Amino acid sequence: MRRTLLLSVVIVTALLLQTTVFADVRLLGARPELMFLLTISFAILEGPASGAITGFAGGMAQDFLLDQPKGITALTLTLLGYAVGLLRQYIVSPSPVLPVLLVAGGTFVGELFYGLVAFLLGQLDVTALYLFRVAALSAVYNAILTPLVYPVLRRAAEGSRSRKVMRW
Amino acid sequence: MALQNRARSTRLLVVTLVSISLVTITVDYREGDSGPLASAGNTALALISPLQQVVSKVTHPIGNFFSTLVRLPSIRRENEDLKDRVATLEEQINTATADLNRLHQLEGLLGLQESIGPKVQTTAAQVISSGVSNFEWTIEIDKGSDQGIGIDMPVVAPAGLVGHVVRVSANASVVQLIIDPDSAVAGRLDVTGKTGLLTGAGEQDMRMGLVDTTTDVGPDERVVTAGYRIPGVATSLYPPNVLIGTVSRVLPDSAALEKFITVRPAVDFSTLDLVLVVLSDGTG
């Protein structure tokens, strides 16, 4: 219950920030993707199941609230959260740089996947080069934001973690 | 065993979520903008937009700050463009001011022309350059014999007498200023009507000679050209009653045969720009 609440609060906050603060911040034609950052962070912290749920919920919320083609972000982030969560299980490194690298790589791949799906559905009309550029820039921006966001999320996740064994 | 179960349930979860996503995509894709999903999106948007407004109000300055940082290069470029524009506009303003000055000068010339007399033919000329020599006080004007200018024609400016033409080429002429040491102008004291001869002294004030010692001369008295006109015998170079200058100094030297008077020219020769050449005196 507490986790659901936490997830809702975090997702709504991320959405609000994405549509207000970062709506104005358009660096070189691209913006940070907070929902990607959120999904990857939760996947690192909580594992593949939590990553997939966060990605799905956040993606759906973003799709419905931001008047995007619905479902594509949800699909992307579900898979992304799951994949990063799985990947995290095979990496044993206490390095603080690891989340940054995972966020950067995950954002890049996720953006490309999103672009590919949107393109296949005829919802996206940009060149591959542009897509690559946006993906790379978003990855960089998210990586920059990671040291600011990740510790907050970790504290929130640890605080909300119940004593009971997690089923997901 | 538990771990495997967990992995399996996770996989199931992911498959479910992906399926839901795909269904959503399909439904949305087939229905377009009119379906229930679109209206659900609109409802969600309506719900969150007040929140957005509140947050936006708080964070807009922050966003502005960052976007300003990001846009610094373009702002700098804009700044340069604007500077260029300011420079251009300032130049235009200067040109306009210069034009206005020129207009005033031309108006002055027009008034001068009218004061000399409607019959007198004159032509306006632009000063091209001042004399190059330290010992000659001349100016060059942009009108010459092609415009009907001849030697000895008087040249005036709105402020007063300038000099007379000493050299003429096709499209330019040289004017000897009245402050040139070689120049001599017959002048008349305004108050007493006594005449004298004004000779140039270069940068210093002109000397007025041949004035009787008994003449009562006060400072700041105006000196105008004396137009001698003895028909058939001689005519003065300059038209009468053109201001030459004002008396600046009178030496109280009663022992001398003539008064020592200096006259400050009315025309500032260093800023001379437009002058009027008197082509004929209106009699011929």
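The values are calculated or read from the model by the stated rules, or taken from the named source; none is laboratory data. In this text the structure is predicted, and so the values were computed from the model without any measurement. So basically every Cβ, Gly included, is an ideal-geometry build from the backbone, and we count neighbours across all protein chains shown. Protein only, heavy atoms only, side chains kept; ligands, DNA and RNA dropped before computing areas. Shrake-Rupley method; radii C 1.70, N 1.55, O 1.52, S 1.80 Å.
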Exercise. Working carefully through the options A:G59, A:G55, A:G85, A:G51, find the one that is at the interface with chain B (Cβ under 10 Å from one of its Cβ atoms) and either in contact (Cβ under 8 Å) with a residue 40 or more places away in the chain or more than 12 Å from the chain's Cα centre (by Cα) (or both).
Key: A:G85
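Just checking, how many residues over segment A:114-124 are open to solvent by 70 Å² or more (accessible area, probe 1.4 Å) and of a type outside the set (S, T, N, Q)? Step through it out loud before you land on a result.
Of segment A:114-124, the ones open to solvent by 70 Å² or more (accessible area, probe 1.4 Å) are A:116, A:119-120, A:123.
With of a type outside the set (S, T, N, Q) added as a condition, the list becomes A:116, A:119-120.
Here the count works out to 3.
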Quiz item: For B:Q113, which of the numbered conditions (1) in contact with a strand residue (DSSP E or B) (Cβ under 6 Å, 6 or more places away or on another chain); (2) in a helix (DSSP H, G or I); (3) modelled with pLDDT of 85 or more fails to hold?
Solution: (3)
Practice problem: Provide a single number: the residues in segment B:37-86 that are surrounded by fewer than 15 Cβ atoms within 10 Å (Cβ to Cβ), more than 7 Å from chain A (Cβ to nearest Cβ) and closer than 16 Å to A:L66 by Cα. | Solution: 8
Practice problem: Would you tally the residues in segment A:135-168 being modelled with pLDDT under 85, open to solvent by less than 90 Å² (accessible area, probe 1.4 Å) and not in a loop (DSSP other than H, G, I, E, B)? | Solution: 4
Quiz item: Pick from segment B:124-176 the residues that are touching a strand residue (DSSP E or B) at 6+ places or on another chain (Cβ under 7 Å) and acidic (D, E): which of them is farthest from B:L243 (Cα to Cα)?
Solution: B:D142
Exercise. Can you give me the number of residues within segment B:155-190 that are open to solvent by 10 Å² or more (accessible area, probe 1.4 Å), under 13 Å from B:L276 (Cα atoms) and not in a loop (DSSP other than H, G, I, E, B)?
Key: 1
Exercise. At least 2 residues that are modelled with pLDDT of 90 or more in each: list the helices (runs of 4 or more DSSP H) lying fully within segment A:18-96 that qualify.
Key: A:34-46, A:48-65, A:72-90
Quiz item: What are the residues in segment A:1-17 that are within 11 Å of chain B (Cβ to nearest Cβ) and either open to solvent by 20 Å² or more (accessible area, probe 1.4 Å) or of a type in the set (D, E) (or both), if any?
Solution: A:V12, A:T13, A:L17
Quiz prompt | Unique residue being farther than 15 Å from B:L272 by Cα and of a type in the set (V, I, T) when the list is B:T215, B:T138 | solution = B:T215
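Being under 17 Å from A:L34 (Cβ atoms) and surrounded by fewer than 18 Cβ atoms within 10 Å (Cβ to Cβ) is true for just one of A:V100, A:V84, A:V92. Which residue is that?
On the way: A:V84 fails: surrounded by fewer than 18 Cβ atoms within 10 Å (Cβ to Cβ); A:V92 fails: under 17 Å from A:L34 (Cβ atoms).
After applying the criteria, what remains is A:V100.
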Quiz item: Is there a residue being of a type in the set (G, A, S) and open to solvent by 30 Å² or more (accessible area, probe 1.4 Å) anywhere in segment B:191-203?
Solution: yes
Quiz item: Hey, A:V109 hits all of (1) under 22 Å from A:L120 (Cβ atoms); (2) within 10 Å of chain B (Cβ to nearest Cβ) but one; which does it fall short on?
Solution: (2)
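Can you confirm whether B:S115 is surrounded by fewer than 17 Cβ atoms within 10 Å (Cβ to Cβ), out of contact with any His (no Cβ under 6 Å at 6 or more places or on another chain), in contact (Cβ under 8 Å) with a residue 12 or more places away in the chain and among the hydroxyl-bearing types (S, T, Y)? First the steps, then the outcome.
Numbers: surrounded by fewer than 17 Cβ atoms within 10 Å (Cβ to Cβ): yes; out of contact with any His (no Cβ under 6 Å at 6 or more places or on another chain): yes; in contact (Cβ under 8 Å) with a residue 12 or more places away in the chain: no; among the hydroxyl-bearing types (S, T, Y): yes.
So B:S115 does not fit the description; no.
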